[in-house]
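**Student:** First the structure, then my questions, so here it is.
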Amino acid sequence: MVSIGIDLGGTKIEIIALAPDGSVLLRRRSATPKADYHGTLAAVATLVRDAEGELGTQGTVGIGTPGSISRATGTLRGSNSACLNGMPIKADLEALLGRPVRIANDANCFALSEASDGAGAGAEVVFGAILGTGVGGGMVVRGALLTGPNAIAGEWGHNPLPWPKDDERPGFPCFGGHRGCIETFLSGPGIERDHLHAHGEALTAQQIAARAAIGEAACDATLRRYEERLARALAHVVNIVDPDVIVLGGGMSNVERLYASVPALWGPWIFSDRVDTRLLRHHHGDSSGVRGAAWLGAAR
Ligand SMILES: [Zn+2]
C-alpha cells in the first residue's frame, strides 16, 4: 500500500508518496490558494488524484498542518491559515477523497516520522521536540502517535521554564498571555532576544551558533545559557514521560554541540541515579513533516 502524505502550509502544499519501506515514490509542491477554504481543499484533492494517477494505485492519506482538530466539534483550530480555522476540514476532505483521512499538526508529524524510520526508529517511546520559530513537540509510543482528549500531547513549549533563576523571572511575555514559557527561551527568536538582552548585540540564532563555534565569548555564553535551559526543560519531559529517545527538530536542532552538552547537564534535574535517554538529531530534516503525514495515514 502506498502512503500519501500532505504538508498543508500557508504558502505551499507538499505531497509525498512513500512505499512501505519508506522510499520516496513521488514528491511535489503547489502553491496554497490564498484565503480560499474550498480552493485549498480542491488543491489537496487534485494533488492526491494526480499522484495516484501517476502511480497507478490508491493510497492512504495523512495530512500535516498547523493547529489541531477539536474532538468536541471536529473542526480545525489554531491554524495560521485563518480560512481553515473553524472548518470541518477532515470531514470535507474525506468526502472529497472518498476515504478516511488522518490529520495531525507538524510537531506530531515530525515525531511520527522520526519514530517510524528516523532517528528514533525501533525505540519504544519517542519524544520529538521542535526548537524553531516556536517550540512544540509530539510523542510516539510503540509506533502510535499519542494525541489525547485535548489533542495537545507533547505540547511542552507553553509550560514555564522549570527551576527558573531570579534573572529568568517573570520572563518575557508569550503570545498566549503568560510569561516565561519555555518557548520564550528556547525558540530561535528566544535565543536572539536573550543574546540582545545580555550582550546588546542583534544577531540571528544562526549567527550566534556560528560565532560560538569559533570561540566568540559572548555568543558562547549565550549558547551555554541556552544549553542549560534546554537541559532543565527536557529534564521535565524525562521525569514525566521517561522516553527512550528525544529527537530534536527545527532550526536550533542543527547546533551540533547540543547533543553532547545537554545530556551532560540534565542529570541533576532528572529524578534518577542514571539517565539512559538518548538525545538525537533528526534524521529526515525538513522532510519529516510530510513523511510523518504519510505514516499518519498508514496508521503505523
Ligand atoms: Zn506560551
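**Student:** If you take the residues of the stretch 18-58 that are under 27 Å from Arg77 (Cα atoms) and of a type in the set (Gly, Ala, Ser), which of them is modelled with the lowest pLDDT?
**Tutor:** So in the stretch 18-58, the residues under 27 Å from Arg77 (Cα atoms) come out as 28-49.
Filter once more, keeping what is of a type in the set (Gly, Ala, Ser): 30-31, 35, 39, 42-43, 45.
On the way: Ser30: 93, Ala31: 94, Ala35: 89, Gly39: 96, Ala42: 96, Ala43: 96, Ala45: 97.
Among those that are under 27 Å from Arg77 (Cα atoms) and of a type in the set (Gly, Ala, Ser), it is Ala35.
**Student:** What residue, of Pro189, Pro162, is part of a loop (DSSP other than H, G, I, E, B) and within 16 Å of the ligand (Cβ to nearest atom)? Can you show your working first?
**Tutor:** Values: Pro189 fails: part of a loop (DSSP other than H, G, I, E, B).
Sole residue among the options that is part of a loop (DSSP other than H, G, I, E, B) and within 16 Å of the ligand (Cβ to nearest atom): Pro162.
**Student:** From Leu84, Leu55, grab the single residue that is closer than 23 Å to Gly134 by Cα and not aromatic (Phe, Trp, Tyr).
**Tutor:** Leu84
**Student:** Farther than 30 Å from Ala121 by Cα and either outside any strand (DSSP E or B) or touching a strand residue (DSSP E or B) at 6+ places or on another chain (Cβ under 6 Å) (or both): is that true of Thr57 in this structure?
**Tutor:** Taking the combined requirement at face value, the residue does not satisfy it.
**Student:** For Gly5, only one of the following conditions fails: (1) surrounded by fewer than 17 Cβ atoms within 10 Å (Cβ to Cβ); (2) under 17 Å from Leu97 (Cβ atoms); (3) not hydrophobic (A, V, I, L, M, F, W, C). What is its number?
**Tutor:** All conditions are met except number (1).
**Student:** Working carefully through the options Ala153, Ala123, Ala95, find the one that is modelled with pLDDT of 95 or more, out of contact with any Lys or Arg (no Cβ under 7 Å at 6 or more places or on another chain), more than 16 Å from the ligand (Cβ to nearest atom) and assigned to a loop (DSSP other than H, G, I, E, B).
**Tutor:** Ala123
**Student:** I'd like the residue in the stretch 162-186 that is more than 16 Å from Glu228 (Cβ to Cβ) and touching a residue at least 12 places away in the same chain (Cβ under 8 Å) and, out of all such residues, is surrounded by the most Cβ atoms within 10 Å (Cβ to Cβ).
**Tutor:** Glu183
**Student:** Would you please list the contacts, defined by Cβ atoms under 8 Å and residues six or more apart or on different chains, that run from a residue in the stretch 135-152 that is over 15 Å from Gly249 (Cβ atoms) to a residue that is exposed (fewer than 15 other Cβ atoms within 10 Å of the Cβ) and not polar (S, T, N, Q)?
**Tutor:** Close Cβ pairs satisfying both conditions: Val141/Glu124; Arg142/Glu124; Pro149/Arg71; Asn150/Arg71; Ala151/Arg71.
**Student:** Just to be sure, is Ile182 of a type in the set (A, V, I, L, M, F, W, C), more than 12 Å from the ligand (Cβ to nearest atom), at pLDDT 95 or above and within 26 Å of Glu216 (Cα to Cα)?
**Tutor:** It is false that Ile182 is of a type in the set (A, V, I, L, M, F, W, C), more than 12 Å from the ligand (Cβ to nearest atom), at pLDDT 95 or above and within 26 Å of Glu216 (Cα to Cα).
Residues are listed down the side, and each one gets a yes or a no for (1) outside any helix (DSSP H, G or I); (2) touching a helix residue (DSSP H, G or I) at 6+ places or on another chain (Cβ under 9 Å):
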| site | (1), (2) |
| --- | --- |
| Arg211 | no, yes |
| Asp220 | no, yes |
| Arg229 | no, yes |
| Ile240 | no, no |
| Ile246 | yes, yes |
| Pro263 | no, yes |
| Phe271 | yes, yes |
| Val290 | no, yes |
| Leu296 | no, yes |
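**Student:** Would you check which residues across the stretch 68-92 are among the hydrophobic types (A, V, I, L, M, F, W, C), modelled with pLDDT under 95 and either in a helix (DSSP H, G or I) or surrounded by fewer than 17 Cβ atoms within 10 Å (Cβ to Cβ) (or both) and list them? Break it down stepwise before answering.
**Tutor:** Filtering the stretch 68-92 down to residues among the hydrophobic types (A, V, I, L, M, F, W, C) leaves 69, 72, 76, 82-84, 87, 89, 91.
If we keep only those that are modelled with pLDDT under 95 too, we end up with 69, 72, 76, 82-84.
Those that are among the hydrophobic types (A, V, I, L, M, F, W, C), modelled with pLDDT under 95 and either in a helix (DSSP H, G or I) or surrounded by fewer than 17 Cβ atoms within 10 Å (Cβ to Cβ) (or both): Ala72, Ala82, Cys83, Leu84.
**Student:** Another one. Quickly run through the stretch 80-121 and pick out the residues that are more than 15 Å from the chain's Cα centre (by Cα), more than 17 Å from Glu14 (Cβ to Cβ) and of a type in the set (S, T, N, Q).
**Tutor:** Asn85
**Student:** When the stretch 122-136 is examined, which residues are found to be surrounded by fewer than 24 Cβ atoms within 10 Å (Cβ to Cβ) and either of a type in the set (Asp, Glu) or farther than 15 Å from Gly285 by Cβ (or both)?
**Tutor:** Of everything in the stretch 122-136, those that are surrounded by fewer than 24 Cβ atoms within 10 Å (Cβ to Cβ) and either of a type in the set (Asp, Glu) or farther than 15 Å from Gly285 by Cβ (or both) turn out to be Gly122, Ala123, Glu124, Val125, Thr133, Gly134.
**Student:** Considering Arg77, Arg71, which residue is under 20 Å from the mean Cα position of the chain (by Cα), under 30 Å from Gly148 (Cβ atoms) and not aromatic (Phe, Trp, Tyr)? First the steps, then the outcome.
**Tutor:** Working: Arg71 fails: under 20 Å from the mean Cα position of the chain (by Cα).
So the residue among Arg77, Arg71 that is under 20 Å from the mean Cα position of the chain (by Cα), under 30 Å from Gly148 (Cβ atoms) and not aromatic (Phe, Trp, Tyr) is Arg77.
**Student:** Considering Ala82, Ala72, which residue is hydrophobic (A, V, I, L, M, F, W, C) and either closer than 21 Å to Gly39 by Cα or touching a residue at least 24 places away in the same chain (Cβ under 8 Å) (or both)?
**Tutor:** Ala82
The values are calculated or read from the model by the stated rules, or taken from the named source; none is laboratory data. Since this is a predicted model, take the numbers as computed values, not measurements. Heads up, the Cβs are rebuilt from the backbone with ideal geometry, glycines too, and the neighbour counts pull from every protein chain shown.
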